[in-house]
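Input: a single structure, listed below in structure tokens.
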Amino acid sequence: MSGQVVVRRGRPGYPGRLLELHDPPAALHCIGRLGLLDWTGPVLGTVGSRTAGEPGLALARRLCRAAAAAGALVVSGLALGIDAAAHDGALDAGEPTVAVLGCGADVAYPPRNRALYRRVTEEGLVVSEYPAGTEPAPWRFPARNRLIAALADVVLVVEARRRSGALITADHALDLGRDVLAVPGWPGFAGSAGVNALLKAGAGLIEDEVDLLGWLGLAAAAGPAPAAPDPQAGRVLDALRRGPAHPDQLATVLAMDAGPVSAAIARLELAGLVVRDESGCWIPLLGRGGGDAEPFLPPW
């Protein structure tokens, strides 16, 4: 990890985007790759629930991995949940990411994200408006959200309750004239209330990488599409692309024994192609299905 560097307002290296705020920080305390403050490509701010379910986390990770691989810089807040998934996605693509903290840049918070914090300081950049050693406090996190919004060209919200820090970030983004995007959520699920409210208010609807890269003006990075591990797993995956299902339902639809279905699901899960939702159904993580399959809609 490199030492901490202070970039002061009005001096070279200070991001011009932050000057659009009515209260830009007097200084940024930075650890990592300082040159990321001068990023010339699209910048994607990604926020969401700290208690997101696995489908939301997996989708955030996948969307940010695709965006980073295509040339966008992912910015988030290193919080539990969607923030961490966003940083993970960018790093998994072999690309840098920027974390904006609500404490000193030298304070790894929350402690559960200590390993992720180390990766970001080594491969990306951690920034804060607070001096070294500043401990986290509840009021500092809403304040840091304005920095995420200001640094971004586009802010994506994945899973958020009606009253959440993610919506504070979205409000800041709208005030700054940034585009706000949201992933639709299942009606009646509390974690969907915030994102669905954003969509009703006119936010851009994001279902998959194609939608997101279109908003960012980027083309998908070249690479082979993920394939099922074997023919049996392929049959199971094709069935799941047509709708969520329990293993016993899959066994009936595919005329397969329960054992091979369960084994195929295990192989697909290990390959990162499926995940279990809150109802216990298995769902694909592949965006839109091929052929005549209906578009995949996240069921949370």
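Can you say whether Arg119 is more than 22 Å from Ala68 (Cβ to Cβ) and not in a loop (DSSP other than H, G, I, E, B), as far as the supplied structure shows? No; evaluated as a whole, the condition is false for this residue. Without any contact (Cβ under 8 Å) to a residue 40 or more places away in the chain and either assigned to a helix (DSSP H, G or I) or not assigned by TED's automatic domain parsing to the domain that holds Gly16 (or both): is that true of Leu167 in this structure? For Leu167, the condition - without any contact (Cβ under 8 Å) to a residue 40 or more places away in the chain and either assigned to a helix (DSSP H, G or I) or not assigned by TED's automatic domain parsing to the domain that holds Gly16 (or both) - is met.
Taken as a whole, region 220-234 holds at least one residue that is surrounded by fewer than 22 Cβ atoms within 10 Å (Cβ to Cβ), under 19 Å from the mean Cα position of the chain (by Cα) and not charged (D, E, K, R). For region 239-268, a tally of residues being under 23 Å from Arg62 (Cβ atoms) and either free of Cβ contacts under 8 Å to residues at least 12 places away in the same chain or loosely packed, with under 14 Cβ neighbours inside 10 Å (or both) returns 1. The numbered conditions (1) touching a Cys at 6+ places or on another chain (Cβ under 8 Å); (2) in a loop (DSSP other than H, G, I, E, B) are all true for Val127 except (2).
Checked against (1) among the small types (Gly, Ala, Ser); (2) surrounded by 24 or more Cβ atoms within 10 Å (Cβ to Cβ); (3) within 19 Å of Leu218 (Cβ to Cβ), Ala166 passes all but a single condition, namely (3).
Of the strands (runs of 3 or more DSSP E) lying entirely inside region 1-113, the ones with 3 or more residues being touching a Cys at 6+ places or on another chain (Cβ under 8 Å) are found at 5-8. Figure legend. Inter-residue proximity from region 141-157: first residues closer than 23 Å to Asp208 by Cβ, second residues among the basic types (Lys, Arg), beta-carbon distance below 7 Å, spacing 6+ or different chains. Indicated pairs: Ala152/Arg178; Asp153/Arg178; Val154/Arg178; Val155/Arg178. Out of Ala251, Ala221, Ala245, one residue alone is touching a strand residue (DSSP E or B) at 6+ places or on another chain (Cβ under 9 Å) and not assigned by TED's automatic domain parsing to the domain that holds Gly71. It is Ala245.
With surrounded by fewer than 23 Cβ atoms within 10 Å (Cβ to Cβ) and out of contact with any helix residue (DSSP H, G or I) (no Cβ under 6 Å at 6 or more places or on another chain) as the only criterion, which of Arg140, Arg161 stands out? From the options Arg140, Arg161, the qualifying one is Arg140. If you go through region 11-37 and pick out every residue that is closer than 24 Å to His172 by Cα and of a type in the set (Lys, Arg), you end up with 1.
The values are calculated or read from the model by the stated rules, or taken from the named source; none is laboratory data. Here the structure is a predicted model, which is why all the values come from computation and not from measurement. Cβ sites come from the backbone with ideal geometry, for glycine too, and all protein chains shown count toward neighbours.
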